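Q: Dropping the structure in here first, questions after.
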Amino acid sequence: MNAFWENVRIIVYALSLAMVLRFTIAQPFRIPSGSMQPTLEVGDYIVVTKWSYGYGRFSFAPLEGLLPHGRLFGSEPERGDVVVFRPTPEPDRDFIKRVVGLPGDRIQMVDGVLHINGVAVGHESLGRVEFETADGVTQLVPAFRETLPNGVSYVTFDRNPFSELDNTREFRVPDGHYFMMGDDRDNSADSRVPSVVGFVPYDNLVGPAQFVVVSFDGSTSLFRPWTLFTGFRGERFIKTVE
């Protein structure tokens, strides 16, 4: 009987340690949609660090309803960070997008080009690049290298040159809020869509994505264990998120 309770104690300690690490150090997430392609692909498993912006209510989900507003040991995100957050219209869902607008910025899309405070950011055409979807379908997608004013650079997709999201009104980011956009610009409901995301309060940030731990394509299933090997994307194993 003593051995039984000793095992129970070890299990409880292990679970408690896992929860402490999840709440205070890092949390894993799976990417379920393609809004951040090609930076993040469907089937990527990422790690988000909790301490980077300090600790807010949503750092301790699902206990956020019991906690006050504000952040402990807070620090602000930088332009270009890829961030997990909870949008105000849907506070029960985790979203992941890129920070493009800081408090006080004026953000606008003009003919598919991001403008910050009236100035177009770097927008270099890469032509049509091959991209394999989670279902194994190879597409040719118009790609651009976008470079923000602070030098952060990454690749975006612009699938539809006539998308309504390629031309927007000018958004003025309120104090204490951020403007988020997905890298797959015509496949992302983000701050350009106020009913879904809108401006994101600092209090609603969970943390920045640091790296992809492992990634599997759409053929993977736990009911077919061999697909964990055949569907493994070796080129995305331990890949830094940029």
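Q: Are there any pairs with C-beta distances below 7 angstrom linking a residue in region 83-98 that is within 15 Å of Ser59 (Cβ to Cβ) to a residue that is buried (at least 19 other Cβ atoms within 10 Å of the Cβ) and charged (D, E, K, R), with the two at least 6 apart or on different chains, and if so which?
A: Between residues of region 83-98 that are within 15 Å of Ser59 (Cβ to Cβ) and residues that are buried (at least 19 other Cβ atoms within 10 Å of the Cβ) and charged (D, E, K, R), the close pairs are Val83/Lys97; Asp94/Arg86.
Q: Using the structure shown, decide if Asp44 is open to solvent by 40 Å² or more (accessible area, probe 1.4 Å), within 12 Å of the chain's Cα centre (by Cα) and touching a residue at least 40 places away in the same chain (Cβ under 8 Å).
A: no
Q: Could you check region 124-208 for strands (runs of 3 or more DSSP E) lying wholly inside it with 2 or more residues that are open to solvent by 30 Å² or more (accessible area, probe 1.4 Å)?
A: Numbers: elements: 138-147, 153-157, 177-181.
Correct list: 138-147, 153-157.
Q: Still on this structure, please answer the following. Could you check, for region 166-177, whether at least one of its residues is at pLDDT 95 or above, of a type outside the set (Val, Ile, Thr), out of contact with any helix residue (DSSP H, G or I) (no Cβ under 6 Å at 6 or more places or on another chain) and within 20 Å of Asp94 (Cβ to Cβ)?
A: Scanning region 166-177, I find at least one residue that is at pLDDT 95 or above, of a type outside the set (Val, Ile, Thr), out of contact with any helix residue (DSSP H, G or I) (no Cβ under 6 Å at 6 or more places or on another chain) and within 20 Å of Asp94 (Cβ to Cβ), so the answer is yes.
Q: Residue under question is Ser221, and the condition is that it be at pLDDT 85 or above and of a type outside the set (A, V, I, L, M, F, W, C); does it hold?
A: no
Q: Additional query: Can you tell me which of Glu235, Glu242 is in a loop (DSSP other than H, G, I, E, B), under 23 Å from Gln27 (Cα atoms), open to solvent by 20 Å² or more (accessible area, probe 1.4 Å) and modelled with pLDDT under 95? Please lay out each step first, then the result.
A: Values: Glu235 fails: in a loop (DSSP other than H, G, I, E, B).
Result: Glu242 is the single residue among Glu235, Glu242 that is in a loop (DSSP other than H, G, I, E, B), under 23 Å from Gln27 (Cα atoms), open to solvent by 20 Å² or more (accessible area, probe 1.4 Å) and modelled with pLDDT under 95.
Q: Specify the residue that is modelled with the lowest pLDDT; the eligible residues are those in region 36-65 that are more than 27 Å from Phe237 (Cβ to Cβ) and assigned to a loop (DSSP other than H, G, I, E, B).
A: By that ranking, first place goes to Leu63.
Q: Moving on to the next point. Which pairs turn up if I take residues in region 214-242 that are at negative phi and look for partners that are of a type in the set (Asp, Glu) and exposed (fewer than 10 other Cβ atoms within 10 Å of the Cβ) with beta carbon separation below 7 Å, at least 6 apart in sequence or on another chain?
A: Gly218/Asp135
Q: Which of (1) open to solvent by 50 Å² or more (accessible area, probe 1.4 Å); (2) free of Cβ contacts under 8 Å to residues at least 12 places away in the same chain does Val113 not meet, given it meets every other one?
A: The failed condition is (1).
The values are calculated or read from the model by the stated rules, or taken from the named source; none is laboratory data. All values reported here derive from a predicted model rather than from experimental measurement. All Cβ positions, glycine included, derive from the backbone under ideal geometry; neighbour counts span all protein chains shown. These area figures cover heavy atoms from the full protein model, side chains too; ligands, DNA and RNA do not enter into them. Shrake-Rupley method; radii C 1.70, N 1.55, O 1.52, S 1.80 Å.
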